[in-house]
1. Looking at Arg168, Arg131, Arg140, Arg105, can you tell me which residue is free of Cβ contacts under 8 Å to residues at least 24 places away in the same chain and within 29 Å of Val66 (Cβ to Cβ)?
2. Which members of segment 102-121 meet the condition of being modelled with pLDDT of 80 or more and either basic (Lys, Arg) or not in a helix (DSSP H, G or I) (or both)?
3. Please find, within segment 129-153, the residue that is surrounded by the most Cβ atoms within 10 Å (Cβ to Cβ) out of those that are assigned to a helix (DSSP H, G or I) and not charged (D, E, K, R).
4. For residues that are assigned to a helix (DSSP H, G or I), over 30 Å from Ala11 (Cα atoms) and among the hydroxyl-bearing types (Ser, Thr, Tyr), tally how many sit in segment 32-75.
5. Can you say whether Ile156 is surrounded by 10 or more Cβ atoms within 10 Å (Cβ to Cβ), among the aliphatic types (A, V, I, L, M) and touching a helix residue (DSSP H, G or I) at 6+ places or on another chain (Cβ under 7 Å), as far as the supplied structure shows?
Amino acid sequence: MGANDDEVSDAFDWSFDEEVQSFSWSFDEDEWERVVEETGKSLLFTSREDWGAERIVRAYGGKWRVERSFRLLKGPVPLRPIYHWEGERVREHCFLIFLLLVVHRFLMEEVREPVLKEFGIGEEAVLHLLRSFDLVTGKRSDSSKPSFSLEEPDEIQEVIIDSLDLERFIPD
């Protein structure tokens, strides 16, 4: 069980006397030693008797992906609000959101190496950059065919475009 803020604060005691404007504090070394001893240690339970310790720890370490996916359902890929009342429509809505979540995870895996690690930015920043792409449409007076291009992408956006091969979606 890792240390949390409450456990750490249990090792410290402080007070402020407004009348005399004095601050005092004390430090409980025994409590601090207990917190340090327990910090960073987890007890993992599993029903997977066929898995070794390393695989169990690796699976536990990857749980953040699942947790992040659930957080996405409250943020960029929101499950709610559902504007349907019929059961079949609600199931369809949930399926589409799940499909969107799968596409989102795929896109983030595609840009992880070239963008997230190289530039040290998070998924939310990548989503913001993806939303800020502007497709410019123009037509010359001597042609009936419109032209398409992306408005001047910055360095990170350029890497996103390359890693996701987004140029293929711009009509010729």
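The values are calculated or read from the model by the stated rules, or taken from the named source; none is laboratory data. The shown structure was predicted, so the numbers you read here are calculated from the model rather than taken from an experiment. Note that we place each Cβ from the backbone using ideal geometry, even for glycine, and neighbour counts take in every protein chain shown.
1. Numbers: Arg168 fails: within 29 Å of Val66 (Cβ to Cβ); Arg140 fails: within 29 Å of Val66 (Cβ to Cβ); Arg105 fails: free of Cβ contacts under 8 Å to residues at least 24 places away in the same chain.
Only one candidate passes the filter, namely Arg131.
2. Arg105, Arg112, Gly120, Ile121
3. Leu129
4. Residues that pass the stated criteria total 1.
5. In short, yes.
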